[in-house]
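Reviewing the structure listed below.
The values are calculated or read from the model by the stated rules, or taken from the named source; none is laboratory data. From a predicted model like this one, the values you see are computed outputs, not experimental measurements. Cβ sites come from the backbone with ideal geometry, for glycine too, and all protein chains shown count toward neighbours. Heavy atoms of the whole protein, side chains included, go into the accessibility calculation; ligands, DNA and RNA do not. Shrake-Rupley method; radii C 1.70, N 1.55, O 1.52, S 1.80 Å.
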Amino acid sequence: MLKHLAGRLAEALVALLLMSLVIFLLSRVIGDPVALLLSDSATEADRQMLIAQLGLDQPGWRQYLTFLGNALKGDFGQSVTAGREDALHLVLSRLPASLSLAGIALLFTLVVGILLGVLAAVTRGTVADLAVRLLALLGQSAPSFWLGIMLIYLFAVKLGWLPTSGFGGAVYYVLPALTLGLFTLAAITRLVRASMLEALGSEYVKLARIKGVSEWAVVLRHALGNSLIPVVTFMGTFFATMITGAVVVETVFAWPGIGRLAYESIMARDFPVIQTVVLVITAFFILANLIVDLLYLAIDPRMRARS
Amino acid sequence: MTDPLLSIRDLTVRVGKRADAPSILDKVSLDLMPGETLGLVGESGSGKSTLGMSVLRLTSPTLTAGTTGRIAWKGDDILTMPNRKLRHIRGEEISMILQDPMASLNPVQSIGTQLQEALRRGGKRNLSAAAEAALSEVNIPSPAERLRAFPHQMSGGMRQRIVSAIGLAQDPELLICDEPTTALDATIQYQFLELLKALRAAHHMAMLFITHDFGVVARICDRVAVMYAGRIVETGPVAEIFARPAHPYTKALLASVPSTGHAPHRLPVIEGAPPAVGHRPEGCPFHPRCAAASAHCRQAPPRTELRPGHTLNCWHPQEHPHEIA
């Protein structure tokens, strides 16, 4: 058990290291930081000086080691925009807004998605099942930028119930969380419905019914536990959807998180910040997958035996 | 004469509600006495499993909607009784062992949890002691340890014994066995049948034993009903059916069972295949494959009682005794 966990942690570190290499290489390929940093009136001497100052005259592997060493110390360089803010500090200051939004969206998505999925499976073939399936289909086909704008139009502009955008108390979370979560909500609903139907038709559910167990207990105690296994499998993917979705949703709702920061720094060609955002997201991604692994061990005894 | 425990009359199961929907079971009637073991024999698709599931009203919703007739359990009709009452019959009075031991245990629950769920419903107080005793009864070694184990950690034979322990946890009066030995190795099959016989004696149960294997019937059943294409074609005491099968289908089926003590020879086969649901012929469903068939056979065959308890539905009963090897 501990050995398994240590193995996964080592894998995570290797993944993070590889990712840092990819980020380093990409940032060298995409653009010339010197050209970006110099003003239009700079001379060739200024240029040479900056190259030496930034260490760009060193061989590539050396530059990477320097980058890695600095990264380990928490130094990801400064933002190239006017403020010259420390990149890591900037990213970390935007993280709570993103994490709280993604967390609320994920929680809402899981609770409602599982409920709807179970409801649809139990009422298979009825109007309720059809309604849930239709909703799930729409949820998976609506692009989030369009959905966000439509929700703002309806609930903020027309009805005036909720703020159009911005960051603040609970009411500010409703529309962005809904926009961010709807795709995943639809995916979970469909997943739970399908696996629930499979479980309800299984022999072990038949055996539970033979025992005389009530229909409620059959659904909750026997079928649900098994049908949540695929949901756990896809949790990593759902988390990824939340993160990538955050770039669009945070931009639409002017949400001060790392998604919007990523968008802004790309528009400003702010490479140190882009690198830091990508690395931080990668770290969270790896963490999420580790949590999924642990959840797996908790929910499926067959996995415990294998590890 | 005592009343039958289970009395099925004109049980018809159609695929859906419509009167012209294809039928899986066609006017099946049978009686089961307390403590008696009745074998239901037939090929795949003959409807024997559907019959077993119908007794506990466990067929799929489409089939449940298309079920007519009467299944009387101690006089009460199972088909029309309220769910609440049915739940108390399930497990407590009628229980069932399913065919596939690999699939019939919940993979994410421990053996103990699944067994105790049944024991609790049976009103047992000290659940862990009762669970250990239940596993000992089905010859599971070191039961205390096994209670904490999960299904994937056990062999098929062991799982089937655990399924039996769950089936017997509430001390039922009738145990329906749906091909419980089909998925097991030959040696394990024999052991398991011996175990079932011991359990039957200890619990004074009646059994409805669904199988396609006449060898199993000979080992465990008192009476046998032979099914073909959704109907019971012949029924009688096991010894009588083996010695004097009168329906051409039963005769052909028995002739195709391999026996020891003979030089290897080609076993006789029944030409053709059983008709699919929805394509069953008029009259006797066996007539297209039957050597004795005549023009009469396109009409519903009469029910004849050859000897007390030995009845068949056939226009041309084969009266001469069957040679037993």
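Things to note:
- Odd one out for A:Ser141, checked against (1) surrounded by fewer than 17 Cβ atoms within 10 Å (Cβ to Cβ); (2) of a type in the set (Ser, Thr, Tyr); (3) touching a helix residue (DSSP H, G or I) at 6+ places or on another chain (Cβ under 8 Å); (4) more than 25 Å from A:Asn226 (Cα to Cα): (3)
- Any pair with Cβ under 6 angstrom, 6 or more apart, that starts in the stretch B:5-20 at a residue that is over 14 Å from B:Leu51 (Cα atoms) and ends at one that is in a loop (DSSP other than H, G, I, E, B): B:Leu5/B:Pro34; B:Gly16/B:Gly66; B:Lys17/B:Gly66
- Selection count where residues are away from chain B (no Cβ under 11 Å) and either surrounded by 20 or more Cβ atoms within 10 Å (Cβ to Cβ) or without any contact (Cβ under 8 Å) to a residue 60 or more places away in the chain (or both), scope the stretch A:195-215: 3
- Members of the stretch A:216-225 that are touching a residue at least 12 places away in the same chain (Cβ under 8 Å) and either more than 22 Å from A:Val132 (Cβ to Cβ) or open to solvent by 20 Å² or more (accessible area, probe 1.4 Å) (or both): A:Arg221, A:Leu224, A:Gly225
- Some residue of the stretch A:147-164 being of a type in the set (S, T, N, Q), more than 14 Å from every other protein chain (Cβ to nearest Cβ), under 22 Å from A:Arg260 (Cβ atoms) and out of contact with any Cys (no Cβ under 6 Å at 6 or more places or on another chain): yes
- Residues that are in contact with a strand residue (DSSP E or B) (Cβ under 8 Å, 6 or more places away or on another chain), open to solvent by 10 Å² or more (accessible area, probe 1.4 Å) and of a type outside the set (A, V, I, L, M, F, W, C), drawn from the stretch B:214-230: B:Asp222, B:Arg223
- Among residues of the stretch B:94-123 that are over 15 Å from B:Arg146 (Cα atoms) and in contact (Cβ under 8 Å) with a residue 12 or more places away in the chain, none has a Cβ under 6 angstrom from a residue that is assigned to a strand (DSSP E or B) and of a type in the set (Phe, Trp, Tyr) at a sequence gap of 6+ or on a separate chain.
Okay, residues lined up against (1) within 14 Å of chain A (Cβ to nearest Cβ); (2) surrounded by fewer than 23 Cβ atoms within 10 Å (Cβ to Cβ):
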{"residue": "B:Ser136", "(1), (2)": "no, yes"}
{"residue": "B:Pro141", "(1), (2)": "no, yes"}
{"residue": "B:Ala165", "(1), (2)": "yes, no"}
{"residue": "B:Ile176", "(1), (2)": "yes, no"}
{"residue": "B:Glu179", "(1), (2)": "yes, yes"}
{"residue": "B:Ala186", "(1), (2)": "no, yes"}
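- A:Thr123 vs. criteria of a type in the set (Val, Ile, Thr), within 22 Å of A:Arg190 (Cα to Cα), open to solvent by 30 Å² or more (accessible area, probe 1.4 Å) and modelled with pLDDT of 85 or more: yes
- Test for A:Ala97: is it part of a helix (DSSP H, G or I), in contact (Cβ under 8 Å) with a residue 40 or more places away in the chain, closer than 19 Å to A:Leu261 by Cα and in contact with a Pro (Cβ under 6 Å, 6 or more places away or on another chain): yes
- Of residues in the stretch B:78-99 being open to solvent by 30 Å² or more (accessible area, probe 1.4 Å) and assigned to a loop (DSSP other than H, G, I, E, B), the one modelled with the lowest pLDDT: B:Gln99
- Filter result for the condition that a residue is surrounded by fewer than 20 Cβ atoms within 10 Å (Cβ to Cβ) and touching a Phe, Trp or Tyr at 6+ places or on another chain (Cβ under 8 Å), over B:Ser44, B:Ser110: B:Ser110
- Restricting B:Val233, B:Val238 to those that are modelled with pLDDT of 80 or more, in contact with a Phe, Trp or Tyr (Cβ under 8 Å, 6 or more places away or on another chain) and open to solvent by less than 20 Å² (accessible area, probe 1.4 Å) reduces the list to B:Val233.
Table: residues versus (1) farther than 30 Å from A:Arg302 by Cα; (2) modelled with pLDDT of 85 or more; (3) hydrophobic (A, V, I, L, M, F, W, C); (4) touching a Ser or Thr at 6+ places or on another chain (Cβ under 8 Å).
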{"residue": "A:Leu2", "(1), (2), (3), (4)": "no, no, yes, no"}
{"residue": "A:Ala10", "(1), (2), (3), (4)": "no, yes, yes, no"}
{"residue": "A:Val14", "(1), (2), (3), (4)": "no, yes, yes, no"}
{"residue": "A:Leu18", "(1), (2), (3), (4)": "yes, yes, yes, no"}
{"residue": "A:Asp32", "(1), (2), (3), (4)": "yes, no, no, no"}
{"residue": "A:Glu44", "(1), (2), (3), (4)": "yes, no, no, no"}
{"residue": "A:Met49", "(1), (2), (3), (4)": "yes, no, yes, no"}
{"residue": "A:Gln53", "(1), (2), (3), (4)": "yes, no, no, no"}
{"residue": "A:Trp61", "(1), (2), (3), (4)": "yes, no, yes, no"}
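- Residues of the stretch B:42-68 that are out of contact with any helix residue (DSSP H, G or I) (no Cβ under 9 Å at 6 or more places or on another chain) and either on the phi > 0 side of the Ramachandran plot or of a type in the set (Val, Ile, Thr) (or both): B:Gly45, B:Gly47, B:Val55, B:Thr62, B:Thr68.
- Residues of the stretch B:70-128 satisfying the condition of being within 13 Å of B:Arg159 (Cα to Cα), of a type outside the set (S, T, N, Q) and either more than 7 Å from chain A (Cβ to nearest Cβ) or in contact with a His (Cβ under 6 Å, 6 or more places away or on another chain) (or both): B:Ile97, B:Pro101, B:Met102, B:Ile111, B:Gly112, B:Leu115
- Residues of the stretch B:47-71 that turn out to be outside any loop (DSSP other than H, G, I, E, B) and either at pLDDT below 90 or out of contact with any Phe, Trp or Tyr (no Cβ under 9 Å at 6 or more places or on another chain) (or both), as a count: 17
- Residue under evaluation A:Ala105, criteria (1) closer than 21 Å to A:Tyr172 by Cα; (2) assigned to a loop (DSSP other than H, G, I, E, B), criterion not met: (2)
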